[in-house]
Amino acid sequence: MGAKIIDGKQVAASIRQRLKEEVAELAKKGVTPGLATVLVGEDPASQVYVRMKEKACGEIGIISKGIRPPADIPQEELIAQLEELNRDPAIHGILVQLPLPKHLNTAEVLKHVSPEKDVDGFHPLNLGKLLSAKYWDELPKFVPCTPAGVIKLIDSTGVEIEGKQAVVVGRSIIVGKPVAMLLLARQATVTMCHSRTKDLGAVTREADILVVAAGVPRLIKGEMIKPGAVVIDVGVNRLEEGLVGDVDFDQAKEVAGYLTPVPGGVGPMTITMLLANTVRAAREAAGL
Ligand code: GUN
């Protein structure tokens, strides 16, 4: 049996086409969505990600404004720049690329992105609303982009989430925790695993839906997967041989029912959800 490969690029392309049409409609009403991309310092991987985000904005008609403070910017100065963006009516979304340099307190910095412009969904108010939401229709306006993209990919398979056993490997605030909350809001039974979980395979083998965001190359082997499961690999590990996920793709494809590749799975969806959140922020700021 071979898993069906979930084509993230294709799912992303169809959503981006719809967003492009929506941006064109907004333009007729005099609204051009604007995204500020804040990249502190010169981390090469972050530079690549931010460039990809800006390029994707341009392709659908969102204007991006690059803010590039030096790596040693004092926290108060960075916060002052964010406050200025909060006041700028041409900016509808603010993205602060993570990770930030060590001397900056990430939680403190993110508190200063207006919740109305928080297209990454990392403001404590939006994260708190996500935690409060019992059902899908109670979610905050902005939920973190990678988790939102993960749900879209699961939905693209046609597999029902409600009532399923879902296992999330990884407990980060960017992926693991919000993904777990979204799956819960869709009425899955959710188990979270992390680096201290004993006998990881015994837990993951129970999963009808397995989401892996652990940051460990090829952590999940074929025998750790339930036959027929939906497996979403959020891992991006740069090895000498190239980019690999947190799932052993060659083994998993013999066992899983559906599987995302790396690259070409979750990655394109993260950026797509950022675009969707920015378009929504612009539309709602204009009262449309
Ligand atoms: N770093 C890794 N993932 C993300 C993300 O989704 N948003 C931001 N801002 N930084 C990240």
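No value in this document is a laboratory result; all are computed from the given coordinates. Because the structure is predicted, anything quoted here is derived from the model rather than measured. All Cβ positions, even for glycine, are placed from backbone atoms using ideal geometry, and neighbour counts span all protein chains on display.
Here Pro178 passes the criteria (1) touching a helix residue (DSSP H, G or I) at 6+ places or on another chain (Cβ under 8 Å); (2) over 26 Å from Ala13 (Cβ atoms) except the one numbered (2). In the range 1-49, the residue that is nearest to Asn237 (Cα to Cα) out of those that are buried (at least 21 other Cβ atoms within 10 Å of the Cβ) and within 16 Å of the ligand (Cβ to nearest atom) is Gly8. Testing Lys152 on (1) of a type in the set (D, E, K, R); (2) part of a helix (DSSP H, G or I); (3) within 14 Å of the ligand (Cβ to nearest atom), one condition comes back false. Which one is that? Only one criterion in (1) of a type in the set (D, E, K, R); (2) part of a helix (DSSP H, G or I); (3) within 14 Å of the ligand (Cβ to nearest atom) is unmet by Lys152, namely (3). Counted as qualifying within the range 224-271 are the strands (runs of 3 or more DSSP E) with 1 or more residues that are of a type outside the set (A, V, I, L, M) and buried (at least 24 other Cβ atoms within 10 Å of the Cβ), namely 230-233. Would the range 7-29 turn up any residue that is touching a strand residue (DSSP E or B) at 6+ places or on another chain (Cβ under 7 Å) and farther than 18 Å from Val109 by Cβ? No, that holds for no residue. The condition (being under 16 Å from Val266 (Cα atoms), out of contact with any Cys (no Cβ under 7 Å at 6 or more places or on another chain) and buried (at least 18 other Cβ atoms within 10 Å of the Cβ)) is satisfied by just one residue among Ala166, Ala214, Ala188: Ala214.
Note on the range 24-56: residues that are under 18 Å from Val119 (Cβ atoms) and assigned to a loop (DSSP other than H, G, I, E, B) amount to 5.
Checking Glu76, Glu59 one by one, the residue that is closer than 17 Å to Val279 by Cβ, assigned to a helix (DSSP H, G or I), more than 17 Å from the chain's Cα centre (by Cα) and more than 15 Å from the ligand (Cβ to nearest atom) is Glu59 and no other. Within the option set Thr157, Thr191, Thr197, being touching a residue at least 40 places away in the same chain (Cβ under 8 Å) and farther than 21 Å from Lys117 by Cα holds for one residue only, Thr157.
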